[in-house]
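Notes follow the structure.
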């Protein structure tokens with residue numbers, strides 16, 4: 001019986017000496033995401049072909065950078081979302097591919 005008490009005492013002592021569990025809050029990912037999206041927009045503005053296009057439209061690249069800095073996080077997220085949706089230059093949409101296929105089929109049938 002004393003052996004049982006010694007084991008029980010050792011277990012209780014071990015449990016009492018364990019460090020308390022730390023509770024941490026969640027990291028705000030929205031702020032981190034806004035910073036990365038803002039950096040991505042600024043990197044796009046530094047591209048030479050975009051800088052030339054902005055110059056042609058009468059907007060110096062420095063002014064464009066300042067406008068990105070002046071945007072709030074919601075506006076930056078909206079603009080970055082639009083850039084993700086816009087197809088790259090030369091990419092055809094599904095509707096355009098369908099028209100090309102129809103035109104090819106019509107040429108094959110006619111010839």
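Given the structure, is residue 21 surrounded by 13 or more Cβ atoms within 10 Å (Cβ to Cβ) and modelled with pLDDT under 80?
Details: surrounded by 13 or more Cβ atoms within 10 Å (Cβ to Cβ): no; modelled with pLDDT under 80: yes.
Considered against the rule, which asks whether it is surrounded by 13 or more Cβ atoms within 10 Å (Cβ to Cβ) and modelled with pLDDT under 80, residue 21 comes out as no.
Enumerate the pairs (first residue in segment 80-104 and under 30 Å from residue 45 (Cβ atoms); second residue anywhere and at pLDDT 75 or above and surrounded by 10 or more Cβ atoms within 10 Å (Cβ to Cβ)) with beta-carbon separation below 7 Å, excluding pairs fewer than 6 apart on the same chain, so at least 6 apart or on different chains.
These pairs meet every condition: 80/37; 80/40; 80/41.
Give segment 44-59 a look and list any residue that's out of contact with any helix residue (DSSP H, G or I) (no Cβ under 7 Å at 6 or more places or on another chain) and surrounded by 10 or more Cβ atoms within 10 Å (Cβ to Cβ), or say none.
From segment 44-59, those out of contact with any helix residue (DSSP H, G or I) (no Cβ under 7 Å at 6 or more places or on another chain) are 46-49, 52-53, 55-59; that's our starting set.
Result: 46, 47, 52, 53, 55, 59.
Identify all residues within segment 83-98 that are surrounded by fewer than 10 Cβ atoms within 10 Å (Cβ to Cβ) and either at pLDDT below 65 or assigned to a loop (DSSP other than H, G, I, E, B) (or both); write none if there are none.
86, 87, 88, 89, 90, 91, 93
Of all residues in segment 62-76, which are part of a helix (DSSP H, G or I) and within 23 Å of the chain's Cα centre (by Cα)?
Within segment 62-76, the first condition is being part of a helix (DSSP H, G or I), and the residues that meet it are 62-70, 73-76.
Hits for segment 62-76 are 64, 65, 66, 67, 68, 69, 70, 73, 74, 75, 76.
The values are calculated or read from the model by the stated rules, or taken from the named source; none is laboratory data. Quick caveat: nothing in here was measured; it's all calculated off a predicted structure. Positions of Cβ are generated from backbone atoms using ideal geometry, with glycine treated the same way; all protein chains shown enter the neighbour counts.
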